[in-house]
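Working notes, structure below.
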Amino acid sequence: MSRPRRATRLPLTTPPLPDGINSMKRALGVCYYPEHWPEDQWPDDAARMAETGLTWVRIGEFAWSRLEPQPDRLDFGWLDRAIEVLGAAGLKVVLGTPTATPPRWMLDRHPDMLAQDAQGRPRKFGSRRHYCFSHPGYRTECARIVAALAERYGQNSHVAAWQTDNEYGCHDTTLSYSAAARDGFRHWLAQRYQSVEALNRAWGNVFWSMEYRSIDDIDLPNQTVTEPNPAHLMAFRRYASDQVVAFNRLQSQIIRRQSAAPILHNYMGRITDFDHFAVGADLDIASWDSYPIGFLSDRLEASEDHKTAFLHQGDPDFQAFHHDLYRAVGRGRWWIMEQQPGPVNWAPWNPAPLTGMARLWAWEAFAHGAEAVCYFRWRQAPFAQEQMHAGLLRPDSAAAPALDEVAEVARELAEMPEAGTVRADIAIIFDYASAWAWEVQPQGKDFDYFRLVFAFYRALRRAGVSVDFLPSDSASLKSHKLVFAPGLMTIPPPLMTAMAAHEGTLILGPRTNSKTPDFATPVPLPPALDFLDARISLVESLPPAIAISLQGGGAVRHWLERLEGNFKVTLKTTDGAPIMASTGSKHYLAGWPDDTALDRIVADACKAEGIARTPVTGGLRIRDTATHRFVFNYGKDPADFAGQTVSAAGVLWRPLA
């Protein structure tokens, strides 16, 4: 059933892009599983996709059992025909490697390839992602199937992009406590430390008589009586991340030998188990799977009132955070590989999107620089685990509610296919190792690195400003006027040099530079900054009900540090204790500010750097591109913005002057 067109439309003409701004045609796509449907249905599906305005179709990422029904007996005939049908309809194929779903016979060949959880239990066959990244035999099998795909389709004109595996880390599958992981970890430690004596010194194993006589004596850091040595656990987290990187690199290198098409991987929301920047270094484009309503339910700390208000829309900032993060991971190039079109099947509760949200989510992604938004999936499956997950079509092939919205976005894209991205004035440094560090030793039950960084990002979104992310190995900050680095475990020397040289405003903390890479407290005491005479003499973690009030409004929650040193105090508690230590335009925050305090900090920093703010409230959010300002209304009711009404679940845009 079609619905009325919105009054808010893209202009038919757009301003030219400023010099030096990259732009690409934006496109829509969908995830499709030809192996799920009768072959005589494929042409009708392909024609209908093209008629809707879709450009990209992702296939193949779960099809290993159909590609190789018996060991070493490959069957590409059906995939040849599927690719030809899609290509003949004018669609471009993203071909996925099927390594997230090894077939059952693979276990007969490699019975020890299964990952094991922290209790030593194998992750059984019967769903997906049932492999250990460290298993050399399974890596060999992956190389074999990827090579076969690349050789057959590397020069196929319809295969215009590749996806490696599917959702690394999903279902808690980064960490494995198998024998293969243990053996690999020992080898990794030997390479990193060169001797057991060096390892014992680095880890402080004199504590509790944890010293080892040989690296071969070192086990995985699970099932210990009490918590393991944090240095041991942190080393294992680094090792596990490196295994994901190596697994992905193996596939990327094989594909590149046969194909010039770009290679992607589809990351997930709030998955920090491995270093996405390191994985992304071997890829051409980052993509992620966006499920706003599902994520609101199971991946976000928020009040029940907040979750109720955005039950049918998703959190106003969660998607944008990942758009900006994965734009950085992809070095400017990123997609959404899976966009939620209706109720999902995996969250605690699965409400339907508000009418208009499938359109809003797509335009928000494009405003943040996405090259493509692909919906999951074309037709709802009537069988197996995801039969309750909505698609663009119902199981009977009738249109699901989102199909009209997708077609509407396609028409709008045809009117303005360019949406150039620009560098923001503000950046946040994001570091995956810091997420592992504060999981290893949170010190407070609710201290979570993602949650901390997200709080800063939310404050910037409320201020109506655009944000970039930077990795922790950045050697220059000069492209951004205002840089935040909350909770950064260790500042690498190149970044420390860049921070010292930065002429704009720099805001660090809390808990920044408080550990060495081997998880020891540094001396001189943290934050141990070259450019600020400040030391943390004591730290406190605070229960949720406790708030330490600040002079001028706002409070510190969750985490509080006591500072000493020779610095200017620019923010203090009502009792006069320093919370922000400053020297010039460089600042260290000794606590976790609440929203009121963060809004003050952001406003003052933007004013100091001459960055214009456009504060917004409720569900309104802003993103500027090179040519337009976009305003998104995540609210259930119309809202006013600068004298114009933005409909519920609506988008307003206008050219920048």
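Answer yes if at least one residue in region 603-615 is at pLDDT below 95, assigned to a loop (DSSP other than H, G, I, E, B) and not assigned by TED's automatic domain parsing to the domain that holds Phe484, and no otherwise. No. Of all the criteria given as (1) at pLDDT below 95; (2) surrounded by 24 or more Cβ atoms within 10 Å (Cβ to Cβ), the one not satisfied by Arg299 is (2). Mind checking whether some residue in region 358-375 is at pLDDT 95 or above and more than 23 Å from the chain's Cα centre (by Cα)? Taking every residue of region 358-375 in turn, none turns out to be at pLDDT 95 or above and more than 23 Å from the chain's Cα centre (by Cα).
One line per residue, one yes/no per condition, for (1) surrounded by 15 or more Cβ atoms within 10 Å (Cβ to Cβ); (2) touching a strand residue (DSSP E or B) at 6+ places or on another chain (Cβ under 8 Å); (3) over 30 Å from Thr101 (Cα atoms):
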| residue | (1), (2), (3) |
| --- | --- |
| Cys170 | yes, no, no |
| Arg182 | yes, no, no |
| Phe185 | yes, no, no |
| Tyr193 | yes, no, yes |
| Ala198 | no, no, yes |
| Pro228 | yes, no, yes |
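Among the criteria (1) without any contact (Cβ under 8 Å) to a residue 12 or more places away in the chain; (2) assigned to a helix (DSSP H, G or I), the one Lys124 does not fulfil is (2). Residues that are in the same structural domain as Pro69 (by TED's automatic domain parsing) and in contact with a Gly (Cβ under 8 Å, 6 or more places away or on another chain) do occur in region 115-134, at least one of them. Scanning region 469-503 for residues that are hydroxyl-bearing (Ser, Thr, Tyr) and within 15 Å of Ala433 (Cα to Cα) yields Ser472, Ser474, Thr490.
Matching residues to (1) assigned to a loop (DSSP other than H, G, I, E, B); (2) aromatic (Phe, Trp, Tyr):
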{"position": "Trp335", "(1), (2)": "no, yes"}
{"position": "Asn345", "(1), (2)": "yes, no"}
{"position": "Pro348", "(1), (2)": "yes, no"}
{"position": "Pro351", "(1), (2)": "yes, no"}
{"position": "Ala358", "(1), (2)": "no, no"}
{"position": "Ala362", "(1), (2)": "no, no"}
{"position": "Ala365", "(1), (2)": "no, no"}
{"position": "Ala370", "(1), (2)": "yes, no"}
{"position": "Val373", "(1), (2)": "no, no"}
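None of Val467, Val523 is under 25 Å from the mean Cα position of the chain (by Cα), of a type in the set (Val, Ile, Thr) and farther than 20 Å from Val569 by Cα except Val467.
Filtered by the rule that a residue be in a loop (DSSP other than H, G, I, E, B) and under 18 Å from Ala46 (Cα atoms), region 84-108 gives Ala89, Gly90, Leu91. Applying a threshold of 9 Å to beta carbon distances and a minimum spacing of six or more residues, or different chains, the list of pairs starting in region 174-198 at a residue that is among the basic types (Lys, Arg) and ending at one that is crowded, with 22+ Cβ neighbours inside 10 Å and not in a loop (DSSP other than H, G, I, E, B) reads Arg192/Leu199; Arg192/Ala235. Only a single criterion out of (1) among the charged types (D, E, K, R); (2) in a loop (DSSP other than H, G, I, E, B); (3) within 22 Å of Pro517 (Cα to Cα) is not satisfied by Arg237, namely (2).
Here is the figure for region 398-431: residues that are out of contact with any helix residue (DSSP H, G or I) (no Cβ under 6 Å at 6 or more places or on another chain), surrounded by 23 or more Cβ atoms within 10 Å (Cβ to Cβ), at pLDDT 95 or above and of a type outside the set (A, V, I, L, M, F, W, C) total 1.
Restricting attention to region 292-303, does a residue exist that is under 24 Å from His158 (Cβ atoms), outside any helix (DSSP H, G or I) and of a type in the set (S, T, N, Q)? No, the conditions are met nowhere in region 292-303.
Filter region 376-393 down to residues that are among the hydrophobic types (A, V, I, L, M, F, W, C) and touching a Phe, Trp or Tyr at 6+ places or on another chain (Cβ under 7 Å) and give me whichever is surrounded by the fewest Cβ atoms within 10 Å (Cβ to Cβ). By that ranking, first place goes to Leu393.
Considering only region 492-513, state which residues are closer than 19 Å to Phe456 by Cα and free of Cβ contacts under 8 Å to residues at least 40 places away in the same chain. Within region 492-513, just Asn513 meets the criteria. Taken together, the criteria place Gln191 among residues that are under 25 Å from Leu233 (Cβ atoms), part of a helix (DSSP H, G or I) and at pLDDT 95 or above. Scanning region 372-398 for residues that are in contact with a Ser or Thr (Cβ under 9 Å, 6 or more places away or on another chain) and either of a type in the set (A, V, I, L, M) or farther than 15 Å from Val30 by Cβ (or both) yields Ala372, Val373, Gln385, Leu392. The residue list Arg535, Arg557 contains one member that is within 17 Å of Pro442 (Cα to Cα) and in a strand (DSSP E or B), which is Arg557. Listed conditions (1) surrounded by fewer than 18 Cβ atoms within 10 Å (Cβ to Cβ); (2) hydroxyl-bearing (Ser, Thr, Tyr); (3) touching a Ser or Thr at 6+ places or on another chain (Cβ under 8 Å) are all met by Ser252, apart from (1).
Checked against (1) assigned to a loop (DSSP other than H, G, I, E, B); (2) more than 27 Å from the chain's Cα centre (by Cα), Ser514 passes all but a single condition, namely (2). Would you call Leu54 of a type in the set (A, V, I, L, M, F, W, C), in the same structural domain as Tyr32 (by TED's automatic domain parsing) and within 28 Å of Ala407 (Cβ to Cβ)? So Leu54 fits the description; yes.
The values are calculated or read from the model by the stated rules, or taken from the named source; none is laboratory data. Keep in mind that this is a model prediction, so the values were computed, not measured. No Cβ is skipped: glycine too gets one built from the backbone with ideal geometry, and neighbour counts run over all protein chains shown.
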